[in-house]
Amino acid sequence: MIFINRNMLVSDKQLIDELKAGKCHPVYLLTGEENYYIDLVSDYFEHHVIAEGNRDFDQTVLYGRETDMRTVISYAKQFPMMSPIKLVLVKEAQDIPTKEWDLLADYLQNPLTQTLLVFCYRHKKMDKRSKAYKAINEKGCVCERAKLYDSQVPDWIGTHVNQHGHTITQKGSVLIAEYLGNDLSKIANELSKVFISLQPGEVINEDIIEQNIGINKDYNVFELQSAIGRRNVVQCNRIVNHFAANPKDNPIQMVLPSLYNYFIKIMLYHQLTDKSLAASVLKVNPYFVKDYATAAQNYSLGKLASCIGYLYDADLRSKGIHNSGTVTDGEILKEMVFKIIH
C-alpha cells in the first residue's frame with residue numbers, strides 16, 4: 001500500500017479503483033443520504049483491504065452507537081501486527097456525539113501513517129463547516145453521494161444491470177422504479193435475485209421481472225397511468241378492479257402519489273413551448289415522452305386541475321375524513337379513476 005496525504009473528494013468507483021491500485025489515505029469519510037454507496041465502499045474495505053487471515057489482528061470494526069471518539073482514536077494509534085496497514089472501520093459514525101468529533105481533528109494533525117481510518121456517516125451529510133470535516137478533507141478522502149431523484153432511478157437501474165452483463169427493457173426499468181421507489185439497496189437486492197436466474201447476456205423484460213420480483217406486469221401503477229393517459233376505460237377498470245381485490249399489493253397510499261406526479265408532468269408538458277425539451281424538463285426517459293404527449297391531448301389543463309382535486313379528495317377519504325368508514329380504499333380508488341377518465 002502507498003499512503004497519500006492529499007485532500008480528495010471522489011466517487012465510490014474512484015475510491016475503490018484507487019484502493020485496488022494499492023493507494024490509500026490515512027482517513028476516509030463515506031457520507032451522504034444515499035446509503036447504498038456507503039455500504040458498497042464499506043463492504044470493500046471490510047472484505048478486501050486486509051487479508052482474511054490477518055483480520056483478527058489488524059482489522060477493527062466499531063459502531064458509532066457503541067463507541068466514542070477516544071476509543072476510535074486509540075485503535076487508530078495502534079500499529080499493525082501482521083499486515084503493512086491496520087484498518088479501523090467505524091460504521092454508523094453519525095451516532096458518535098457531535099462534540100467528540102473535534103478530537104478527530106486533533107488526531108489528524110499527525111495521523112499514524114500505518115492506519116487506514118474509515119468513517120461511515122449514513123443517512124445525512126456531515127457538516128462541511130465542522131472542524132472534523134475540514135480536517136478529513138485536508139488529510140484524507142471524502143466520498144459523498146446524494147439521494148437520487150425518482151426520475152433518475154430507471155437510468156441507474158439500466159446502468160446497474162449493464163454492469164452485471166445484462167440489459168433491461170426501458171419499460172422494465174420504469175416498472176421496478178415505480179414499484180420499489182428510490183431505495184437503491186432494495187433495488188440492487190431484488191435485481192440480484194433476477195441475475196441468478198438469467199443466462200449470460202439475457203435481456204430482463206417484464207415477464208422476468210414478474211417471475212422473480214413479483215411485480216405484476218399488467219396490473220401496476222405504471223400501467224394504470226398509461227391507461228389513464230390514453231383514456232382507455234376498459235383497461236382502467238381492469239386495473240383498478242385488480243387493485244381493489246388485492247389492496248395489500250397495491251395500497252392506495254402508493255397509487256395516489258404516483259398519479260399526482262404523473263398529472264403534474266402532463267401539466268408541465270402542456271406549458272412547454274419547446275416540446276423537444278420535454279424529456280429533460282419532465283425528467284423522464286425520452287422513450288416515454290410520446291405517452292405524455294398523448295395524455296396532454298386527452299386532458300386539458302382545466303381537467304388536470306380537476307384530477308388533482310379528485311386525488312386530494314381520495315386521499316382525505318382514505319384517511320377517514322369525509323368517510324364514515326363503510327367505503328373501502330378499493331371503492332374510493334374506483335370512484336376516483338371513474339371521475340378522472342370521464
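Values quoted throughout were computed directly from the atomic coordinates according to the rules given, and no laboratory measurement underlies them. What you are looking at is a predicted structure, and each value in this text was computed from that prediction instead of being measured. Using ideal geometry, Cβ is built from the backbone for each residue, glycine included, and neighbour counts are taken over all protein chains shown.
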Residue 202 versus residue 322: modelled label distance in nm, points set 7 Å from Cα along the beta carbon direction: 4.9 nm
Helix 252-271 axis, angle to the chain major axis (alpha carbon atoms, nearest 10°): 80 degrees
Cα-only radius of gyration and Dmax that characterise region 221-341, units Å: 14.7, 48
Residue with peak Gaussian network fluctuation, the chain [Cα springs, cutoff 10 Å], from 34, 18, 223: 18
Spacing of the two label points (7 Å from each Cα toward its C-beta) at residue 313 and residue 273, in nm: 3.6 nm
Kirkwood hydrodynamic radius of region 3-85, from inverse mean 1/r over distinct Cα pairs, in Å: 14.2 Å
Ranked by how many other beta carbons lie within 10 Å on average, peptides 203-211, 156-164 from highest: 203-211, 156-164
Ellipsoid equivalent to region 150-213 - semi-axes via the Cα gyration tensor, in Å: 16, 12, 11
Principal-axis tilt of helix 153-163 within the chain, Cα atoms, nearest 10 degrees: 60 degrees
The chain: antiparallel DSSP beta bridges as a percent of all, rounded to 5: 5 percent
By average C-beta atoms within 10 angstrom, highest first, the peptides 71-82, 274-285: 71-82, 274-285
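Between residue 293 and residue 79, 0.36 nm times their residue separation minus their Cα-Cα distance comes to what?
Separation in residues times 0.36 nm, less the Cα-Cα distance, equals 70.6 nm.
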Difference of contour (0.36 nm per residue) and Cα-Cα distance, residue 47 to residue 164: 40.1 nm
Prolate/oblate/rounded call for region 2-145, Cα gyration tensor, a/c under 1.5 rounded: rounded
Degrees between helix 301-318 axis and first principal axis of the chain (Cα, 0 to 90, nearest 10): 70 degrees
Largest to smallest principal axis extent of the C-alpha atoms in the chain, angstrom: 74, 47, 44
Mean shadow area of region 91-206 over all directions, Cα convex hull, nm²: 9.7 nm²
